[in-house]
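Reviewing the structure listed below.
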Amino acid sequence: MEATDKVLLIDVENVVGPNQPRPRLLRARVDALMAAAGPVHHVMASYSHPDTHEDLTLNVLAELGVAARRVPQHANAAEQALLCHARYAHQQGCRSFAVASADRAFTALGDYGEFEVLIWEGQPISARLEACAQHVVRVPRPVLTPVAAAR
């Protein structure tokens, strides 16, 4: 990995929603975030899910080419998994990150290089995260039309 390669980290629960988001909503939101991030080396997402047999999130993320890590259901588990991946990417030479989350925990990305934050228009963001990021990109929330809803 080169220092200029960017890694996109997606906190699924923060930018898509908790509790098994519908596949069409997950696809639309992850697609919008990936488009807003621009060219990236790879994308890593993290989320919690109680039932490994009924987990459609992992399947949809795989369809989109997104690596995913399912974590236990407890506070900050997804954030910690993504920060662990950022540390790994940093060890491989990466110095540029984009994070799709408004959570303050991601201020720690500053230890690994520069980072931008991708959030939805109107989504509240941690003041500390906003101050630490090089850029905050406010992405329009995708609107699901009846045609898109049928997918």
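Some notes on this structure:
- Here the stretch 44-90 is the region considered, the condition is being more than 18 Å from LEU8 (Cα to Cα) and small (Gly, Ala, Ser), and the residue that is modelled with the highest pLDDT is SER48.
- The set of residues in the stretch 135-147 being touching a helix residue (DSSP H, G or I) at 6+ places or on another chain (Cβ under 8 Å) and open to solvent by 30 Å² or more (accessible area, probe 1.4 Å) consists of VAL136, VAL137, PRO140, ARG141, PRO142, LEU144.
- Look at the stretch 114-126: where a residue is closer than 9 Å to ALA102 by Cα and in contact (Cβ under 8 Å) with a residue 12 or more places away in the chain and a partner is open to solvent by 20 Å² or more (accessible area, probe 1.4 Å) and among the small types (Gly, Ala, Ser), sitting 6+ places away or on another chain with Cβ atoms under 7 Å, you get LEU118/ALA36.
- Residue that is nearest to LYS6 (Cα to Cα) [pool: residues in the stretch 87-134 that are assigned to a helix (DSSP H, G or I) and open to solvent by less than 10 Å² (accessible area, probe 1.4 Å)]: ALA89
- Of the listed requirements (1) open to solvent by 70 Å² or more (accessible area, probe 1.4 Å); (2) on the phi < 0 side of the Ramachandran plot; (3) out of contact with any Cys (no Cβ under 9 Å at 6 or more places or on another chain), GLU2 misses just one: (3).
- Residue check for ALA36: on the phi < 0 side of the Ramachandran plot and touching a Pro at 6+ places or on another chain (Cβ under 6 Å): no
The values are calculated or read from the model by the stated rules, or taken from the named source; none is laboratory data. Keep in mind that what you see is a predicted model, and the values were worked out from it rather than measured. Cβ coordinates were reconstructed from backbone atoms using ideal geometry, including for glycine residues, and neighbour counts include every protein chain displayed. Remember, those area values only see protein heavy atoms, side chains included, never the ligands or the DNA or RNA. Shrake-Rupley method; radii C 1.70, N 1.55, O 1.52, S 1.80 Å.
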